[in-house]
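Report on the structure given below.
The values are calculated or read from the model by the stated rules, or taken from the named source; none is laboratory data. For clarity, every value in this text was computed on a predicted model and none was experimentally measured. Quick reminder, even Gly has a Cβ in these numbers, built from the backbone with ideal geometry, and neighbours come from all protein chains shown. Just the protein is used for accessible areas: all its heavy atoms, side chains included, with ligands, DNA and RNA removed. Shrake-Rupley method; radii C 1.70, N 1.55, O 1.52, S 1.80 Å.
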Amino acid sequence: MNIIKFLESFTNEGMINSLNTKGSRRDSFTQLQKMGSVAAMAAIPFGLSAFLAPAKANTTTTFFGPTETPTEALQLALILEYLEDEFYAMALDSGIIPSADQAIIAQIAKHENAHVNFLKSALADAAPEKPTFDFTAGGNFDPFNDYPTLLALAQAFEDTGVRAYKGQAGNLISNGDLLTAALQIHSVEAMHASQIRRLRGQKGWIIGSDRGGLPDAAQAVYTGEENVMQAGFDTSMVGNFGSGSASESFDEPMTGAVATNIASLFIV
Amino acid sequence: MKKVQVEEVKPLHSRRSFLRISGIALAGAGLVVAGCSSDDDKAPADNQAPGVRNGVFDLGGGDLGILTYAYALEQLEADFYTRVVNSNTFGSTFNSEEQSVLTDLYRHEVIHREFFKAAISGVITNENQLLPALEFDYGSLSFSNRTQVLATAKTLEDTGVAAYNGAGRYITTPDYLVLAGKIVSVEARHASAIRSLINPGSTDFAGDDVVTASNGLGQAIKPSGIIAAVSALDVIQTPFTAQFLP
């Protein structure tokens, strides 16, 4: 994935949002100035930025390795849960959540925090430390001052979480207890995803590889979701419902590498 | 369907005696394995194929048993939503958002049902191993009653999520595990949507009744528990057994 393109596209979306909500040209001008430096930062290969932060180097190396063993699968899961946990905690602190949605966001935050504690306890000494997150991706967008941006990021995180857990199921097949726990978290992420999508006026399920109103750069979250061939069976042939319904009926897995790339955009 | 089942009885008598003999051999092997592995015994035996036993269809054991179990559940969900969207009062009972959600769920569940039928048909060694089309009766449920329909949808979706979560550990083929994973998250998306239609703006979309507050885990129930719960609904009219499923 092209990280710079991802950031630029989110930036454009952020500018549109700030123009719509604040009507201020200065906001968008400031964001435009920030873009250059953020793009430069994003261009640093991730391995190098890990090297630049020696205190976290070991943790980062472990996490960004291939996800093959049950431990590695859960380490990836914990990083994603850290991200969601901190994101929703900051969302609740932001004061911008409309009262009508407050109970929903608080319920999701409660679950993500419980997932972090559960996975930390399951991994024990193998648990990676919490990374430092930047949900503005270097000041490019403003989720905690702009509610539509907050929900857009939440959707990206939840839909990514569903796909990432699914992608790790095979790595947990040797351990029934861990597999079951991961499936139990996976289904909760899907319940969150459906609700967040519906708050945004989207369907609760993913149609083809449609981003559901997210900017171009979020395409990596949805690429592959258009699949309609399941175990050699063309699900789009059922009942003349077409490929849209067929793709909605099955969520697709995401590799650890893709999930890692997406999470990396929000890790300092 | 029932005629086919009756005809099945004859050849099955010989299969049943074979079953008994190999059952002893299996028990012996189990003792040996027990000493060196703490894993659940996941090895499906050939004699656990789905099919009619004593005049009643048994879902079978092993991966094929789990697939057949999922096929039975998807038949139930698909039948329910088919009746919901084909009700004469569908357009007046539900608002447009509810109609949109219920129509999507109807399509998804029919697709799931047809997928399992095709997947099972592709791996069974004779067509009598395919679970027949089940018959359903919803008793006093009124398809013109919004509250009743949504409550039933909630029960079915919650059951589906718990069933797939609980069955995952008994699947030995990685491809089947991923396929179950592809479906369970869609069932969970359904459960969330139905729950929010019933009680919008609340925590019910992922309520404490289905997600344990202390650890954030959704429900996982093994097949025997799900089958008991579904039987209690008294909707499935076609008898079947699940003597080889955990």
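Under the classification rounded if a/c is under 1.5, otherwise prolate if a/b is larger than b/c and oblate if not, where does region B:107-217 fall, given a ≥ b ≥ c as square roots of the Cα gyration tensor eigenvalues? Write out the running numbers ahead of the final one.
Working: a/c = 2.63, a/b = 1.36, b/c = 1.93.
Verdict is oblate for region B:107-217.
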message: Do any residues of region A:136-172 show a loss of at least 30 square angstrom of accessible area between the isolated chain and the full protein assembly, using a 1.4 Å probe, and if so which?
response: A:Lys166
message: Counting protein heavy atoms only and a 1.4 angstrom probe, how many square angstrom of accessible surface do chains A and B bury in total, to the nearest 100?
response: 4600 Å²
- prompt: Which of the residue pairs A:Lys110/A:Lys203; A:Lys110/A:Lys166; A:Lys166/B:Lys117; A:Lys130/B:Lys154; A:Lys130/A:Lys203 have a Cα-Cα distance greater than 26 Å in the structure shown?
  reply: A:Lys130/B:Lys154; A:Lys130/A:Lys203
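Around B:Val211, what is the net charge, scoring Lys/Arg as +1 and Asp/Glu as -1 over all other residues with Cβ under 13 Å from its Cβ? Present the calculation step by step, with values, prior to reporting the outcome.
Values: positive: A:Lys110, B:Arg195; negative: A:Glu112, A:Glu189, B:Asp158, B:Asp204, B:Asp208, B:Asp209.
Within the 13 Å Cβ shell, the charges total -4.
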- line: Accessible-area loss of at least 20 Å² (1.4 Å probe, chain alone to full protein assembly) applies in region B:199-238 to B:Gly201, B:Thr203, B:Phe205, B:Ala206, B:Asp208, B:Val211, B:Ala213, B:Asn215, B:Gly216, B:Leu217, B:Gly218, B:Ala220
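Does region A:131-268 classify as rounded, prolate or oblate by the C-alpha gyration tensor (a ≥ b ≥ c root eigenvalues; a/c under 1.5 gives rounded; else a/b over b/c gives prolate, otherwise oblate)? Don't jump to the answer; show the numbers that get you there.
Values: a/c = 1.97, a/b = 1.26, b/c = 1.56.
In terms of gyration-tensor shape, oblate.
Provide the net charge surrounding A:Arg163, with neighbours chosen by a C-beta distance below 11 Å and charges set as Lys +1, Arg +1, Asp -1, Glu -1. Display every interim value, and only then the final one.
On the way: positive: A:Lys166, B:Lys182; negative: A:Glu158, A:Asp159, A:Glu189, A:Glu225, A:Asp251, A:Glu252.
Once all neighbours under 11 Å are counted, the net charge is -4.
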- prompt: Which residues of region A:237-268 end up with at least 20 Å² less accessible area in the presence of all protein chains than when their chain stands alone, using a 1.4 Å probe?
  reply: A:Val238, A:Phe241, A:Ser245, A:Glu248, A:Ser249, A:Phe250, A:Asp251, A:Pro253
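Over region A:81-131, average the accessible area per residue using a 1.4 Å probe and give it in Å², no decimals.
On the way: 2090 Å² over 51 residues.
Result: 41 Å² per residue.
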- request: Could you work out the relative contact order of region B:63-241, using alpha carbon pairs under 8 angstrom and six or more residues apart, expressed as a whole percent?
  value: 27 percent
field: Simple Cβ-charge dipole of region A:80-235, Lys/Arg +1 and Asp/Glu -1, about Cα centre, in debye nearest 20
entry: 360 debye
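Pop out the carbon and sulfur fraction of the accessible area of region B:104-246 as a percent, whole number, probe 1.4 Å.
Values: 2610 of 5320 Å².
Roughly 49 percent, rounded to a whole number.
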- request: Sort region B:84-144 into rounded, prolate or oblate with this rule: let a ≥ b ≥ c be the square roots of the eigenvalues of the Cα gyration tensor; rounded if a/c is under 1.5, and if a/c is not under 1.5, prolate when a/b is larger than b/c, oblate otherwise.
  value: oblate
